[in-house]
Each structure stands twice: as structure tokens, then as C-alpha cells.
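Down below is the structure, laid out as C-alpha cells.
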Amino acid sequence: MLFNQKHGSSLFHTDMIMDNVKQIMKGFTKNLDQIDKGSRKKATIGIFGTSGEGKSSLLSAILGKKYLLPSGCFGACTAVVTQVEANLTDSNYIAEIELFSKEEWENELKDLFRVLSDESEDRNDDFAEIAVEKITVLYGADADKKTLEELKNDDKFTEIESFLCTNKEKPNSFSKSDVSEFINDVASYIQHSESSSGGWYWPLVKSVTIKIPDCRELLEHIVLVDLPGSGDCNKIRDDLWKSKLRECSSVWIISAIDRASTDSGPWGILKHCTEELGPGGECKSINFICTKTDDIDAGAYVRSARLFGDKISDDKDQKKVCILHRNEHAKMKVKEKFEKSKLKKIFSTDNQFQVFTVSSKAFFDHDLNLESSETEIPKLQDELRTLNKTINRGLVRDYVNEAKGTLLLIQSGQLDTDKKTMEMKVMELEKNLMKALNELDKYFDSIYSDLEQCLSKGVDESEKSCVASTKKLITNKDGRGFHKILGALCKNYGCYWSKNWDKILDLNKTLAEHLHEGINKDFNKIFSVTGKTGKSVQEQIDKFSIIQSDSANPSSPIDNIQNFIKIEETKLKALLSRDIVDMKKLIYSSMQTAIEKKMASCYEEAAAVTGTGSMKRRQDLLITTVDEIKHDMFNKAKMKVLKKLNNLKLHIMDALEKKLKKAIERSQSQTSKIIREDVSGYIEQLERLSDQLSD
């Protein structure tokens with residue numbers, strides 16, 4: 001893949017800095033050479049879009065490799081989470097496949113046959129279709145016509161069982177130098193062939209990781225994750241999908257341009273996932289990507305858009321004018337629709353929600369008369385490149401600071417240090433630590449009190465409205481087929497969504513709605529992912545320091561020790577920042593999780609109801625249960641949030657106290673060691689390298 005020299009030199013520059021640091025530290029420490037530059041968590045970009053929307057072509061174009069992923073590779077099946085990242089070790093294409101365990105698959109197979117054997121009026125056609133597809137792609141045509149016991153006697157069943165047992169200990173993986181061979185091998189794990197049954201393994205797959213060579217500049221620190229999110233009735237996949245969604249720092253919504261503003265799929269996803277993308281996740285931005293912009297009937301578009309006044313010299317010019325005109329119109333319509341959505345409150349700035357109009361085909365085929373920039377593929381490449389570069393610079397900066405901290409301690413041991421002065425400095429640092437921890441404790445008490453008040457109001461509102469909300473959701477006047485939807489909702493523990501996302505029902509989310517709304521304003525200030533709010537945990541951590549003043553003598557051992565402590569603080573704050581994000585997601589999701597857990601036995605009981613009048617009996621059971629347990633259910637959800645918030649406080653304060661005390665002890669013990677070599681020149685070199693990273 002060809003990149004311009006400017007971008008390539010940036011990557012080369014950080015590599016040079018890393019090499020210089022390693023050279024400087026040679027002989028001083030063995031541990032620094034073991035620092036894993038990739039240890040920091042990679043940024044995850046989630047990609048939504050149904051099969052046929054052009055996801056595979058888009059990703060192939062972005063990575064600059066035509067036919068890298070076959071059409072339909074992404075989103076071809078209903079269940080598999082597929083992710084793409086860089087292969088940084090060699091020039092091969094690698095696939096790593098995570099499979100269900102033998103026990104997990106046996107349980108799902110029982111559920112699939114239970115769906116197929118359901119002859120009642122509650123039988124869900126979507127679930128039955130998925131069941132037939134999974135069974136036949138694995139075990140061959142007409143396998144769905146057999147009973148489970150009959151299927152167990154087939155050789156194919158034994159083969160599948162053996163396959164799962166063989167791959168139990170480690171992920172199934174393979175590596176190919178030829179991309180065509182690689183795609184053929186990986187296809188059976190992520191695709192379904194309409195023309196043949198049997199030999200397709202995707203129903204056994206939880207996730208597939210595809211590693212691509214020669215894309216370090218774009219994906220060294222980024223993972224692209226395809227999130228199918230379709231109406232699969234398997235709870236393991238459902239939970240995996242939700243957990244992946246909460247990890248996304250950015251989301252790309254893919255839709256063909258001719259239906260971008262009207263397609264129920266992408267807009268259904270955005271509406272349903274507001275909590276996971278906003279307060280319950282770590283998403284900072286959404287890109288809505290309109291694909292297939294080159295797929296246009298220019299003559300018809302000229303007439304429908306009334307472009308007769310434009311001077312168009314030939315057919316190619318006409319097509320280009322139509323493409324660019326439709327692109328601008330599509331962007332305007334998508335932005336208008338987003339302005340009216342709930343997500344607008346969360347992603348409020350222009351750079352947090354962007355619309356791209358792309359043509360993967362025209363990016364490679366210049367006969368379509370579009371400039372490369374007009375395909376907007378380079379814009380998306382630049383987004384990845386910038387994010388990747390930012391993460392890379394941060395990692396290298398951490399590496400430089402780690403080295404600098406080590407040398408500062410060595411340098412402090414070479415200078416004459418008055419024992420009493422050192423003891424006084426240690427006492428001062430320990431006193432500052434206790435003072436800073438007390439201030440942090442007061443801050444956490446304050447936000448605990450604020451959230452407790454918000455949650456108490458949310459509990460009151462929930463108790464008042466939960467029965468009416470439940471009735472409204474589960475007595476939907478949607479025609480004769482609603483009893484099937486209600487049955488599916490109960491079987492999936494309160495949640496149902498159709499294959500194309502045009503119908504989404506989630507009773508747990510509905511019941512948690514007032515709790516969510518009650519805390520969202522304060523929660524977004526306390527756990528902001530996009531900037532300062534004056535109230536966030538991250539801001540409190542950022543200003544936390546036990547260094548209250550600079551040393552009067554810049555060359556004294558005390559000054560070296562203070563600089564070492566500052567570096568240790570910075571390193572610790574970076575670790576805590578990641579912990580805060582992870583624990584924040586658990587705090588927010590605990591409300592809905594507590595409600596689902598409390599309702600679980602009711603869902604199981606309601607799912608087992610069959611026969612004449614089953615829909616009415618299910619509805620009555622759900623409504624009655626909600627009414628009976630509402631006080632206990634919502635208060636338990638409240639207490640879960642507060643308990644997890646307190647756990648976060650204890651985790652942060654414990655880490656700060658223990659690790660900074662250890663840093664103080666380490667700095668004190670180092671002053672008694674004598675290393676003859678003067679390292680001040682090396683420290684200056686590291687400072688210059690650090691300055692280069694800030695330029």
C-alpha cells in the first residue's frame with residue numbers, strides 16, 4: 001500500500017526515538033527493553049451495516065487492497081463478530097477463530113431444535129429461519145428435518161464434536177501468504193453459501209480476528225470490529241455483541257446512499273444503542289458512511305432532481321455531477337435526521353457526528369471520472385492515520401518517561417544527599433499524599449451523594465410508571481403476529497429485535513429508563529469521555545499530585561526525586577484512566593443488569609406458557625410480576641450503582657496510596673546506591689526526545 005512521505009516519516013520518526021531510547025538505556029537496565037509498546041489497549045472502531053451495504057468493499061478500499069475481503073464477507077452471516085487488525089510480525093494474512101466450547105454448542109443445538117419442534121402459534125419465523133440455516137450449513141441439507149437424536153447418529157455430528165474438542169485449548173488459526181488462498185480458507189468460518197449445505201462452520205464461531213500485513217500506519221493501534229447485531233437468539237453472542245459495543249471509541253454506520261436517511265437498520269441500531277454508545281460506553285464519535293455513491297442512473301437522477309439547467313458536456317460529466325449532487329443532498333438529509341435523535345444530546349459537536357459519502361469502486365477505477373478525494377476514502381484513511389499516530393506518540397512518550405525516571409534515580413544517587421534533608425522530604429511527600437487522598441475522598445463523597453439523590457428520584461418515577469410502561473410495550477397492537485414477538489422476548493430474557501432492526505423491544509431497558517434518565521446528566525459530567533466538565537473523576541485524577549512545589553536547586557537529588565515521582569504519577573494516572581473507563585461501563589450497565597436478573601425467573605416462566613390464550617397469560621404474568629417486585633427491583637438497581645461507584649473509589653485510592661508510597665520508598669533507597677557513570681547528559685537527551693514528541 002502506498003502512503004505519502006509525510007505520513008510515513010511520522011511513523012519513522014517515532015521509531016527512531018524508540019531506538020535512541022533503547023540505545024541510551026543499554027547497560028543501565030534490562031527491564032526497559034522488555035516494555036511492550038503495544039501493551040496499551042487498542043482503540044476499537046465498531047462497524048454496523050447489513051450484508052450488501054458495501055462494508056467489505058469499503059474496508060478493502062481503506063486498506064488500499066482491492067479484493068482484500070470478498071463481497072459479503074462482512075455481515076454475511078447473522079452472528080459472528082469479525083475484527084480486522086494489523087499483522088505486525090510478518091507479511092502473511094492471519095485468521096484467529098474463537099469457537100464455542102463443546103458444551104456451549106450442545107446447549108445451543110438443543111435450543112435450535114426446540115425452536116424447530118415448536119408447532120404452536122407462538123413459533124417465531126425469524127428464529128426458525130436462523131435455526132434451519134445454522135443446522136443445515138453445518139450438518140448438510142435436510143438435517144433440520146431430523147430429530148436431535150437422529151442427528152447425533154450421523155458421522156457429521158461426530159466430526160463437528162471432534163472439531164470442537166480438538167480446538168478447545170487454543171484458538172483455531174492459520175496463516176497464508178497468498179490473499180486468495182487466505183480468503184478461501186477463512187470463508188467457511190464467516191460466510192454462508194446459498195448454493196451448498198454442510199462444511200460451513202460459522203454457527204460454531206464466536207469471533208474471528210483477521211490480521212492484515214502492510215497496514216501498520218493505519219491499524220497498528222486500532223481494531224476494526226464488524227458488529228452484526230442481528231436477531232440471533234443466542235444469549236452468549238448477544239452478550240458478546242453488547243460488550244464489544246461498549247468498547248468502541250468510535251462507531252461507523254454503513255448504509256447504501258440511496259436509502260441512507262430512511263433505512264430502518266442503521267437508525268434502529270442508533271436508537272436502540274443510545275446507552276451503550278453514550279453514558280454506558282466510551283464512544284467519542286459516530287461516522288455515518290453512505291456507500292455505493294457511484295451506483296446511479298444519471299439520466300433518471302437528472303430528471304428527478306431537476307438538474308436540466310446544468311451544462312453537462314458528456315455522459316461521464318453528467319454522472320459525476322449527479323454523484324456529487326446526490327452526495328451533498330444525502331449528507332444534508334442524514335444530518336437533519338440525526339439532529340432529531342436522542343443521540344444528538346450526547347454527540348453534540350460537528351466532529352462528533354460526521355457523514356461521509358464514499359465510492360469504493362471509484363477509488364480503484366478511475367474510469368468513473370471521480371477524483372480520489374471525491375470518493376472520500378482518503379478522508380477515512382486520514383481519520384485512522386491520525387488516531388493511530390496519536391496513540392503511537394502517547395506510547396512512545398510513556399517509553400521515554402519510563403527511561404527518564406530510571407536515570408533520574410541513578411543521578412540522585414550520585415549527588416551528595418544530606419540524610420536529614422532526605423528524611424524531611426520523604427515525610428513531606430507522605431504528608432502530601434495523605435492530604436491529596438483526603439481531598440479525593442471528599443470528592444467521591446460528593447458525587448456519591450449527587451448520584452444517590454438522582455437515583456432516588458429515578459426509583460420513585462420508576463415505581464410510579466413501570467406498570468404502565470410494561471403494558472404499553474407488551475400489549476402492542478401490531479396484528480396477529482405479536483404473540484410470536486412476545487414469546488421470543490420472554491425466551492431471550494426481555495429483549496427482542498427483528499433481523500432488519502425495524503422492530504426492537506427491550507423490557508429491561510424500558511424498566512430502567514427512568515433510572516437512566518435520572519442520572520444521565522450528572523453521570524455524563526462525572527464520567528465525561530469528550531472533555532472537561534469541572535466534575536469528572538478524570539479531572540480529579542489529573543490534578544492529583546504529591547509534588548507541591550519545585551525544588552530551589554535544579555541539580556539537587558531532591559529535584560531528581562521529585563521529577564521521578566512526577567513521572568511515576570503520570571504513569572499511574574494513565575493506568576487509572578483506563579480503569580475508570582472500564583468500571584464506568586460496569587456502573588452504568590449494573591442498573592439494567594440488576595433488573596434483568598430480578599425479572600429472569602418471570603421470563604422463564606412466561607416463556608414456558610403455551611396453548612390457547614398464551615399471549616394474554618404471558619402479558620398478565622409480566623405485568624403482575626413487575627408490580628409485585630417493583631420496589632425491591634428498583635432499589636436493588638440503585639444500590640448496585642452506588643456499590644460499584646464505591647468500589648471504584650476504593651480501587652483508585654488504594655492504587656494511589658500503595659504505588660506512590662512504593663515510589664517514595666524506591667527513591668529513598670536509590671540515594672544510597674553509587675553508580676559511577678554520570679547520566680546527566682543522557683537525561684538531557686531524553687528531554688530533547690520528549691520535546692520532539694510534543695512538537
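The values are calculated or read from the model by the stated rules, or taken from the named source; none is laboratory data. Quick caveat: nothing in here was measured; it's all calculated off a predicted structure. Cβ sites come from the backbone with ideal geometry, for glycine too, and all protein chains shown count toward neighbours. For accessibility, only protein heavy atoms count, side chains too; no ligands or nucleic acids. Shrake-Rupley method; radii C 1.70, N 1.55, O 1.52, S 1.80 Å.
Data overview
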{"read-out": "Any hit, region 62-73, residues being of a type in the set (Lys, Arg) and modelled with pLDDT of 85 or more", "value": "no"}
{"read-out": "Residue count, region 202-223 (criterion: assigned to a strand (DSSP E or B) and open to solvent by 10 Å² or more (accessible area, probe 1.4 Å))", "value": "5"}
{"read-out": "Single residue of region 23-51 satisfying the filter (modelled with pLDDT of 70 or more and more than 30 Å from the chain's Cα centre (by Cα)) that is farthest from Ser249 (Cα to Cα)", "value": "Gly27"}
{"read-out": "Where a residue in region 264-290 is of a type in the set (Val, Ile, Thr) and its partner, wherever it lies, is modelled with pLDDT under 90, with Cβ under 7 Å and at least six apart", "value": "Ile269/Phe48; Ile269/Gly229; Ile269/Trp501; Thr274/Lys342; Thr274/Leu343; Ile286/Phe347"}
{"read-out": "Subset of region 110-130 (residues that are in contact (Cβ under 8 Å) with a residue 40 or more places away in the chain and among the hydrophobic types (A, V, I, L, M, F, W, C))", "value": "Val115, Phe127, Ile130"}
{"read-out": "Pick from region 238-254, criterion among the hydroxyl-bearing types (Ser, Thr, Tyr) and either farther than 22 Å from Asp506 by Cα or open to solvent by less than 10 Å² (accessible area, probe 1.4 Å) (or both), ranking: nearest to the chain's Cα centre (by Cα)", "value": "Ser249"}
{"read-out": "Identity of the residue in region 656-686, modelled with pLDDT of 70 or more and basic (Lys, Arg), that ends up nearest to Gln411 (Cα to Cα)", "value": "Arg666"}
{"read-out": "Hits in region 437-478 (condition: open to solvent by 60 Å² or more (accessible area, probe 1.4 Å) and under 30 Å from Arg617 (Cα atoms))", "value": "Asp460, Glu461, Lys464, Ala468, Lys471, Lys472, Lys477, Asp478"}
{"read-out": "Output for region 624-668, where each listed residue is closer than 22 Å to Ile547 by Cα and small (Gly, Ala, Ser)", "value": "Ala655, Ala663, Ser667"}
{"read-out": "Subset of region 106-125 that is buried (at least 17 other Cβ atoms within 10 Å of the Cβ) and in a helix (DSSP H, G or I) - its residue that is modelled with the lowest pLDDT", "value": "Val115"}
{"read-out": "Residues located in region 183-215, provided they are modelled with pLDDT of 80 or more and over 18 Å from Asn172 (Cβ atoms)", "value": "Ile212, Pro213, Asp214, Cys215"}
